[in-house]
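The structure under discussion appears below in the form of structure tokens.
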Amino acid sequence: MIIKPSEQPGSHERHLLRKASNPLFPNAPTLDDDNLIDAQRLDHEALQTFNTEFRALLEETTSLTGNVESEVILQLKDRLDRAYESASSIGSDTTAMKGAIRKLLGFMMTSVRRGAGNDAQAHLELDQEEMAREAHFALLDAPLVADLLHPASPIHPDELVPTLLSADKDELQLALQMFDEVQLLAILSQGAALLEQLQGAGVNVSIPQEKLAFMQGYAEFAGGL
């Protein structure tokens, strides 16, 4: 190979690196120059699109006047939340961008709290919203979670189980928090079937079996199964 993997890969390159020569994935690609260039191109395009949209969102948010309808604030908060998700999945260092998003969301929440006045129930709901947002943002620190949640995720539905079985345990533990009881049951069932099939074909599945056991333990601990 002439082309080298990026120091800060985006979601497409990360997923290529997960799949390359990995028997857990059907028709796993090889890690060659063509595949790597294609993945890096897609990540570069995603980064350019994000930068353009993010600048427009910043301008729109910072140009708000004092009297803004609550519906406008809610829409901007939603767009900023989604921008944080996108920033977590693209290549390059987005620490500054994510910090800016957090500050803008903080300003907006302060404004909303002022508008709530002395309404204790409204403040309680805003507290819950901020706690949920912080928990969500913490999950996004794991690249696997960011890749799974991205609207244009390169991880296809039929690649979910192989992807989870290929993850390290720290990321896997965070990713599992995204799924409910029914989804976890389906993941465990599909994972067991996949490993049985591969083992029957002579593939060494000792490491993914450990991951499957970890997932089973998580599900039991969480009370799902």
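The values are calculated or read from the model by the stated rules, or taken from the named source; none is laboratory data. Here the structure is a predicted model, which means the values were calculated and not measured. Because the Cβ atoms are built from the backbone with ideal geometry, glycine has one as well, and the counts that use them run over all protein chains shown. For the accessible areas, the whole protein counts, side chains as well, though only heavy atoms, and no ligand, DNA or RNA atoms are used. Shrake-Rupley method; radii C 1.70, N 1.55, O 1.52, S 1.80 Å.
Heavy-atom surface analysis with a 1.4 Å probe gives the chain a carbon and sulfur content of 54 percent of its accessible area.
For the range 1-97, what class follows from the C-alpha gyration tensor (a ≥ b ≥ c being the square roots of its eigenvalues): rounded when a/c is under 1.5, otherwise prolate if a/b is larger than b/c, else oblate? Prolate, since a/c reaches 1.5 and a/b exceeds b/c.
Using a Förster radius of 25 Å, what is the FRET efficiency between L17 and R55 based on their Cβ-Cβ separation? Nearest 0.05, please. Could you put the intermediate results ahead of the total?
Numbers: r = 30 Å, r/R0 = 1.18.
Efficiency for this residue pair is about 0.25.
Other residues within the sphere of radius under 12 Å centred on the Cβ of T62, judged by their own Cβ, net out at 0 (K and R +1, D and E -1).
Which value, in debye to the nearest 20, gives the size of the charge dipole of the chain about its Cα centre, when Lys and Arg are +1 and Asp and Glu are -1 at the Cβ?
On the way: 17 positive and 35 negative charges, 65 e Å.
Once rounded to the nearest 20, the dipole reads 320 debye.
Working from label points 7 Å from Cα in the Cα-to-Cβ sense, the A120 to Q216 distance is 4.9 nm.
Per-peptide packing, taken as the mean over residues of other Cβ atoms within 10 Å, places 81-91, 103-113 in the sequence 81-91, 103-113 from highest down. Highest mean packing comes first when the peptides 156-169, 125-138 are listed by Cβ atoms within 10 Å, giving 156-169, 125-138.
Treating r as the C-beta distance of D78 and Q8 and R0 as 30 Å, the FRET efficiency rounds to 0.65. Restriction of the GluC sites (Glu not before Pro) in the range 35-74 to DSSP coil positions whose beta-carbon has at most 10 other beta-carbons within 10 angstrom yields E69. Note on K103 and L64: the model spin-label points, each 7 Å out from Cα along the C-beta direction, lie 1.6 nm apart.
Any idea how many Lys pairs in the chain come in under 18 angstrom at the alpha carbon, given 8 or more places apart or on separate chains? Mind showing how you got there, number by number?
Working: K4/K19; K19/K169; K19/K211; K77/K98; K77/K103; K169/K211.
Close lysine pairs found across the chain: 6.
For the chain, the solvent-accessible area of protein heavy atoms averages 57 Å² per residue (probe radius 1.4 Å; ligands and nucleic acids excluded).
Rounded to the nearest 500, what is the chain's calculated 222 nm mean residue ellipticity when only DSSP H runs of at least 4 contribute -39500 (n - 2.57) each, over all residues? Intermediate values should be presented prior to the final figure.
Details: 10 runs with 160 residues, N = 225.
Per the formula, -23500 deg cm²/dmol.
Working ranking of peptides 139-151, 199-211, 10-22 by packing, defined as the average number of other Cβ atoms within 10 Å per residue, highest first, is 10-22, 139-151, 199-211. Here the range 110-151 is treated with +1 on each Lys and Arg Cβ and -1 on each Asp and Glu Cβ, and its dipole about the Cα centre works out to around 160 debye.
With a Förster radius of 35 Å applied to the beta-carbon distance between I207 and A138, the computed FRET efficiency rounds to 0.85. Overall form of the chain: oblate. Here a/c, set by the Cα gyration tensor axes a ≥ b ≥ c, is 1.5 or more, and a/b is not larger than b/c.
Accessible area per residue was computed with a 1.4 Å probe on protein heavy atoms; T95 scores about 100 Å².
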